[in-house]
Amino acid sequence: MRKEVLGILCSGRGTNLESIIKAQKQGEIRAEIAVVLTDKPEAKALERAAQAGIAHHCVDRKACATREEFEEKLVAALEEAGVTLVVLAGFMRILSPYFVRKFCGRILNIHPSLLPSFGGAHAHRDVLAYGVKVSGCTIHFVDEGMDSGPIILQAAVPVMDDDTEDTLAARVLEQEHILYPRAIALYVDGRLKVEGRHVTILK
Ligand code: GRF
């Protein structure tokens, strides 16, 4: 089987990145991590990549005049690194159809709620405001909509009466760190069959 080459995109602290690097080093993800890219120069994810000896750089969104220019630079960096699977790990930008078509069916994202509920940038705040009793996280393929692609894995956590955004986020994050490496491993092992919205895990 062809070995997948991962390119990981982050915006911030990069704890999901860390869990993916750990799983790859332990042989649970049988793929190469070729490059880590961020849209912000201060993203802690860059330091984590450096510590792990992974090529990394920032494509500074603020230094690009347009989203087109920014995404062209991202695509060039990913193609140059030979990336076959794009992993969005806390990447806080919506990608245009141009980018999504370049890596059609080969982009994964993690979202900190049980989609299709509470998509968008403030999932925990919205969960608490709505008063639901269960939240969680979702790993999904990226399509041209927002948080709308076929779902690969989900994990649920309870929402407590005294939760704040921070306590809920921490409970969900624990599950994210388990779920994302697992979903990536299933992809790189060729065990995901996608038919329309439905993703089946092959034995
Ligand atoms: C995670 O909660 C992820 O689900 C969301 O942004 C957060 C990123 O955290 N999209 P980290 O940078 O991986 O620590």
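Just a few scattered comments:
- Tallying residues that are among the small types (Gly, Ala, Ser), surrounded by 17 or more Cβ atoms within 10 Å (Cβ to Cβ) and touching a residue at least 40 places away in the same chain (Cβ under 8 Å) within region 124-160 yields 1.
- Options SER135, SER113, SER148; residue that is on the phi < 0 side of the Ramachandran plot and at pLDDT below 95: SER148
- Residue that is farthest from GLU174 (Cα to Cα) [pool: residues in region 4-29 that are away from the ligand (no atom under 16 Å from the Cβ) and either among the acidic types (Asp, Glu) or free of Cβ contacts under 8 Å to residues at least 60 places away in the same chain (or both)]: GLU4
- The condition of being part of a helix (DSSP H, G or I) and buried (at least 18 other Cβ atoms within 10 Å of the Cβ) holds for only one of VAL36, VAL87, VAL83, VAL100, that being VAL100.
- Hits in region 43-56 - residues which are under 17 Å from the mean Cα position of the chain (by Cα) and either away from the ligand (no atom under 16 Å from the Cβ) or among the small types (Gly, Ala, Ser) (or both): ALA43, ALA45, ALA49
- Condition met for ILE8 (within 20 Å of ASP143 (Cα to Cα) and modelled with pLDDT under 95): no
- Out of ASP161, ASP126, ASP166, one residue alone is of a type in the set (Asp, Glu) and either part of a loop (DSSP other than H, G, I, E, B) or under 19 Å from LEU9 (Cα atoms) (or both). It is ASP161.
The values are calculated or read from the model by the stated rules, or taken from the named source; none is laboratory data. Note that the structure is a prediction, hence the values are computed from the model and not measured. When we count neighbours, we look across all protein chains shown, and the Cβ atoms used for this are built from the backbone with ideal geometry, even at glycine.
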